[in-house]
Amino acid sequence: AKINPGEAGVARANLTDYYIKERDYAGYEEWLINAENRDNLDHRRWIAQNAWERAWGNFYHDWGKYNSFNRDEKTKDMRAWYDWFKRQKEWYEKKGDLWTYYHNAVYFLSQRLYDRKETRRVIDESMPLHKAIQDPGQRNDRFAWLADRLREGGDWETCEYCITMISDPLYATYKRYELQAAKGAWDDALKLLVQIEQANNQAWSPRAFGEHARVLKDVLGRYEEAIKLYQQINQPPGTLWAIQECYKRWGKLNEALSTLTEIENSFPPDAARAAWHKAWYQHEAGNKAEAVAQAKRILKVYPKTQESSQAHQLLEQYGV
């Protein structure tokens, strides 16, 4: 390790993988623990953290060990790892870092082992730690983080349980929106966003408006409603870019081109990009003459831009 830290790190990672795959945690500890470092808090916490990082990544990638025929073996290996990791809690606690322990445990349980009963037990066990946080904003962020991990793991019930711990009503409502969105319950999800929009809150309402418009555009394809909402938000050039995209997807080429012209004329930093979009849209529509004319214009008006290079390639494609 002193001569070549990089190679030593690779060897250490591979040996850690070996012990986890073999469920040989006695061997793992015998390798890394001796009389001198047995009670060293930093070292013992590192041993646990090192194993977590290898298990977290490699159980996801299957380590080359698991396939569709031995899923049960993978579950047994993950269960053995988690049972060992639970016994490492004391080192995080003695180091004053229980949050990292609970962070790691919830992550692994909710998105690798999928043990909802144990996940709920761990979260209940960690509640005094979270509730002891004096700053309301930090405490809410902690519960929101837990809710996010549970939502990502598909544990809707425990996710809602964590959301109920968020004291900021609008923050909690937004997390409930994310939960309904994850379920695909878009009618209920959008109703929650509307509640936040109507609250006229400086922090949360703009976020809800933007997300509402994005869902209408990118998820539901309700372009007319999305355009009206982007017009209401009125934060150009970002909203104008979104509006032209709605028109393009909606099949309204002229309206998309008109919006791009507005961007090009009003926002110089975005002008070349808007001009190139007009050329490309005409090309996609099969309008060769218009595409060529627009590409030539880009070469003349925006000669030192990336878009000029793209326009040159388009003209070559047409043999111009």
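The values are calculated or read from the model by the stated rules, or taken from the named source; none is laboratory data. For clarity, every value in this text was computed on a predicted model and none was experimentally measured. All Cβ positions, glycine included, derive from the backbone under ideal geometry; neighbour counts span all protein chains shown. Please note that ligands, DNA and RNA were not included when accessible areas were found on the heavy atoms of the full protein model with its side chains. Shrake-Rupley method; radii C 1.70, N 1.55, O 1.52, S 1.80 Å.
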Would you mind working out the magnitude of the charge dipole of the chain relative to its Cα centre, with +1 at each Lys and Arg C-beta and -1 at each Asp and Glu C-beta, to the nearest 20 Debye? 300 debye
Enumerate the calculated ³J(HN,Hα) couplings along segment 91-101 in order (Karplus 6.51 cos²θ - 1.76 cosθ + 1.60, θ = phi - 60°), each rounded to whole Hz, writing x wherever the residue is Gly or Pro. 6, 5, 5, 5, 7, x, 10, 5, 4, 4, 4
Express the accessible area of segment 1-113 per residue in Å², computed with a 1.4 Å probe while the remaining protein chains stay in the model. 55 Å²
Taking the Cα atoms of the chain alone, what are Rg (to one decimal) and Dmax (as a whole number) in Å? 27.3, 81
Rel. contact order, % - alpha carbon contacts under 8 angstrom, at least six apart, segment 129-236: 15 percent
Which lysines does Lys288 reach when only Cα atoms under 17 Å apart count, and residues fewer than 8 places away in its own chain are ignored? Lys278, Lys296
Taking segment 255-320, the equivalent ellipsoid from its C-alpha gyration tensor has semi-axes in Å, biggest first, of 18, 15, 7
Alpha carbon centre of segment 14-62 versus segment 213-273: separation in Å? 52 Å
Pair Asp124, Lys65: separation of 7 Å Cα→Cβ label points (nm): 3.1 nm
Estimated vicinal HN-Hα couplings, Hz - segment 182-192 in sequence order (Karplus 6.51, -1.76, 1.60; Gly, Pro = x): 4, 6, x, 8, 5, 4, 5, 5, 5, 4, 5
Over segment 230-320, average the accessible area per residue using a 1.4 Å probe and give it in Å², no decimals. 56 Å²
Bin by bin, in steps of 10 Å, what percent of the Cα pairs in segment 109-254 do you find, going until the bin that has the longest distance? 11, 34, 29, 18, 8, 1
Integer Hz, Karplus 6.51/-1.76/1.60 couplings in order for segment 310-320, x for Gly and Pro: 5, 5, 4, 5, 5, 5, 4, 4, 7, x, 9
When the helices in the chain are scored as -39500 (n - 2.57) per DSSP H run of 4 or longer and the sum is shared across all residues, what 222 nm value do you end up with, to the nearest 500 deg cm²/dmol? -24000 deg cm²/dmol
Relative contact order, percent, segment 198-277 [alpha-carbon distance under 8 Å, six or more residues apart]: 18 percent
Accessible area per residue, Å², segment 130-196 with all protein chains present, probe 1.4 Å: 43 Å²
Which percent of Cα pairs goes in each bin when the distances of segment 67-113 are cut into 5 angstrom slices starting at zero? 5, 21, 25, 20, 13, 8, 5, 3, 1
If Lys and Arg each add +1 and Asp and Glu each add -1, what is the summed charge of the other residues whose beta carbon sits under 15 Å from the beta carbon of Pro128? +2
Cross-chain or 8 or more residues apart, Cα under 16 Å: how many lysine pairs in segment 119-272 fit that? Count them up, please. 8
Enumerate lysine pairs in segment 70-121 that are 8 or more residues apart or on different chains, then count those whose Cα atoms are under 25 Å apart. 10
Leu220 to Asp42: FRET efficiency via 1/(1 + (r/R0)^6), r the Cβ-Cβ distance, R0 51 Å, to the nearest 0.05? 0.50
Given labels modelled 7 Å from the Cα in the Cβ direction, how far is it in nm from Thr261 to Asn34? 7.9 nm
Using alpha-carbon pairs under 8 Å, 6+ residues apart, how would you state the relative contact order of the chain in percent? 6 percent
Measure off 7 Å from each Cα along the Cα-to-Cβ vector at Leu299 and Asn234, then give the distance between these two points in nanometres to one decimal. 4.2 nm
So the carbon and sulfur contribution to the accessible area of the chain, 1.4 Å probe, in percent, is 46 percent
